[in-house]
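For reference, the structure discussed in these notes is given below.
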Amino acid sequence: MGTIHLFRKPQRSFFGKLLQEFRLVAADRRSWKILLFGVINLTCTGFLLMWCSSTNSIALTAYTYLTIFDLFSLITCLISYWVMMRKPSPVYSFGFERLEVLAVFASTVLAQLGALFILKESAERFLEQPEIHTGRLLVGTFVALSFNLFTMLSIRNKPFAYVSEAASTSWLQEHVADLSRSLCGIIPGLSSIFLPRMNPFVLIDLAGAFALCITYMLIEINNYFAVDTASAIAIALMTFGTMYPMSVYSGKVLLQTTPPHVIGQLDKLIREVSTLDGVLEVRNEHFWTLGFGSLAGSVHVRIRRDANEQMVLAHVTNRLYTLVSTLTVQIFKDDWIRPALLSGPVAANVLNFSDHHIIPMPPLKGTDDSNPVTSTPAKPSSPPPEFSFNTPGKNVSPVFLLTTQTRPGLGLNHGHTPYSSSLLNQGLGVPGIGVTQGFRTGFTNMPSRYGANNRTGQPRP
């Protein structure tokens, strides 16, 4: 039987948690204005949908979808306020900034789906065009235009304001920008409004209202009902063209890509970090967009053995923090140790390597724990770091004993013996076994016994 918790807190449902978070956001005075506009938006949307049904105008329906998009933008603004209130948790260590990115992506994609629905309905109407009643058409146009402009200009929507500036321009903005330059050349005072480019949401609201006004006039004058379908297609194409660059930009943020406009700055900062004192190498650098206007990244830095880790870490963080707000830096010290084989020049009597006895030292670990490539004992607790180099023989220091015997007929004393390949591979030296691999000093295929024939079992002269 499991442990019985007498005073265990009851688990809340999803809707209970959602209601709790909504109360947290509603407690902030800044959100009261957004909630008020949300209520007005729902009321206007209800009236507009009724007028769309009474007029039988699909162009007014397409324009009403922009009002529904305004409701999604208000919800995104509430989510942005909630993200600012919440702190990073152990589960979400980077915070909740990506939630507002997801809200922007969902809002723009839903607007594009609505535009595709309008295009499908318009294609059906071209086959059989119904009669359009203009009684509420012009009234609904001005009600929707007034509310959309009032919402866009009264509430500062931080996520959509950033996306509209960072994303690429739509085809509607590009065409209007050419007209704006010509107009601002005549009236310079309008340059602050139309240049460098207009707000895409204000632009699509004005363009949609202009299309509906033309529709009203043509129907009233000539009873040309097909213009309503043409206006609906125009509004749907403008909606799709305006929302598509924003959905692409927010989708790239969700895919954790690096923004193209900061790649050059990041390369410059990496080059500066690689020239810092004590830094040998900068590798495995990875930077991505965490949220709108915030970058995150991780980098591995290999430093000299005598360098101060904390000092290098402080300098690296100081250089990269100007661009990367959330940064993880991992420092590795250089573990490459080249063993000193001979401290002086090689003498003539040192060439007889087999006349020196090597005292075998027991290995620190079993042969099963050694790396078959480098013969370095592996650590059972954790694998070696990525930037460390497992130098053969660094864990066991061999001891050499110089023999002072004199060979009959030669009269030569022999000097120190360098590492043999068997010592490098197993950590001990065994007399009587021939050497088949080269030495670190450059001598290859040197016999291990006095004489080159390896006579086994015969006494030495």
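For region 239-255, which positions are open to solvent by less than 90 Å² (accessible area, probe 1.4 Å) and outside any helix (DSSP H, G or I)?
So the first thing to find is which residues in region 239-255 are open to solvent by less than 90 Å² (accessible area, probe 1.4 Å), and the list is 239-243, 245-251, 253-254.
Residues satisfying the conditions do not exist here.
The requirement of being more than 20 Å from I235 (Cβ to Cβ), in contact (Cβ under 8 Å) with a residue 12 or more places away in the chain and either part of a helix (DSSP H, G or I) or more than 39 Å from the chain's Cα centre (by Cα) (or both) is not satisfied by L149. Hey, could you check region 30-71 for residues that are free of Cβ contacts under 8 Å to residues at least 60 places away in the same chain and β-branched (V, I, T) and say which is farthest from A103 (Cα to Cα)? In this case the residue turns out to be T43.
Put simply, of T151, T141 the only residue that is open to solvent by less than 70 Å² (accessible area, probe 1.4 Å), among the hydroxyl-bearing types (S, T, Y) and closer than 23 Å to S247 by Cα is T151.
Only one residue in L290, L266, L203, L212 is of a type outside the set (D, E), in a helix (DSSP H, G or I), closer than 30 Å to Q310 by Cβ and open to solvent by less than 20 Å² (accessible area, probe 1.4 Å), so which one is that?
Details: L290 fails: in a helix (DSSP H, G or I); L203 fails: closer than 30 Å to Q310 by Cβ; L212 fails: closer than 30 Å to Q310 by Cβ.
Criteria check complete, one pass: L266.
Would you check if there is a residue in region 225-238 being among the acidic types (D, E), open to solvent by less than 70 Å² (accessible area, probe 1.4 Å) and more than 21 Å from V329 (Cβ to Cβ)? Checked against the condition, which is being among the acidic types (D, E), open to solvent by less than 70 Å² (accessible area, probe 1.4 Å) and more than 21 Å from V329 (Cβ to Cβ), region 225-238 yields at least one hit. Residue count for region 88-125 satisfying the condition of being of a type in the set (K, R) and surrounded by fewer than 16 Cβ atoms within 10 Å (Cβ to Cβ): 1.
Of all residues in region 298-323, those satisfying the criterion of being surrounded by 14 or more Cβ atoms within 10 Å (Cβ to Cβ), under 17 Å from the mean Cα position of the chain (by Cα) and without any contact (Cβ under 8 Å) to a residue 40 or more places away in the chain are S298, V299. Of everything listed in (1) closer than 30 Å to F292 by Cα; (2) surrounded by 14 or more Cβ atoms within 10 Å (Cβ to Cβ), the single unmet condition for T61 is (1).
Filtering region 23-32 to residues that are open to solvent by 100 Å² or more (accessible area, probe 1.4 Å) and either aliphatic (A, V, I, L, M) or part of a helix (DSSP H, G or I) (or both) leaves R23, R30, W32.
Suppose the filter is open to solvent by 30 Å² or more (accessible area, probe 1.4 Å) and either among the basic types (K, R) or within 31 Å of the chain's Cα centre (by Cα) (or both); does M50 pass it?
Values: open to solvent by 30 Å² or more (accessible area, probe 1.4 Å): yes; either among the basic types (K, R) or within 31 Å of the chain's Cα centre (by Cα) (or both): no.
Considered against the rule, which asks whether it is open to solvent by 30 Å² or more (accessible area, probe 1.4 Å) and either among the basic types (K, R) or within 31 Å of the chain's Cα centre (by Cα) (or both), M50 comes out as no.
For beta carbons closer than 7 Å, sequence separation of 6+ or different chains, a first residue in region 85-110 that is farther than 16 Å from L255 by Cβ and a second that is among the aromatic types (F, W, Y) and open to solvent by 60 Å² or more (accessible area, probe 1.4 Å), the qualifying pairs are P88/F94; S107/F72; L110/F72. Answer yes if at least one residue in region 62-71 is acidic (D, E) and within 24 Å of G114 (Cα to Cα), and no otherwise. Yes, region 62-71 contains a residue that is acidic (D, E) and within 24 Å of G114 (Cα to Cα).
Considering each residue of region 269-287, count those that are in contact (Cβ under 8 Å) with a residue 40 or more places away in the chain and either open to solvent by less than 50 Å² (accessible area, probe 1.4 Å) or within 14 Å of V312 (Cα to Cα) (or both), and give that number. If you could, list the steps in order and put the result at the bottom.
From region 269-287, those in contact (Cβ under 8 Å) with a residue 40 or more places away in the chain are 269, 272-273, 276, 280-281, 283-284; that's our starting set.
Now narrow it down to the ones that are either open to solvent by less than 50 Å² (accessible area, probe 1.4 Å) or within 14 Å of V312 (Cα to Cα) (or both): 269, 272-273, 276, 280-281.
So the count comes out to 6.
The values are calculated or read from the model by the stated rules, or taken from the named source; none is laboratory data. Everything quoted here is computed from the prediction, not taken from an experiment. Cβ coordinates were reconstructed from backbone atoms using ideal geometry, including for glycine residues, and neighbour counts include every protein chain displayed. Side chains included, ligands, DNA and RNA excluded: accessible areas come from the protein's heavy atoms. Shrake-Rupley method; radii C 1.70, N 1.55, O 1.52, S 1.80 Å.
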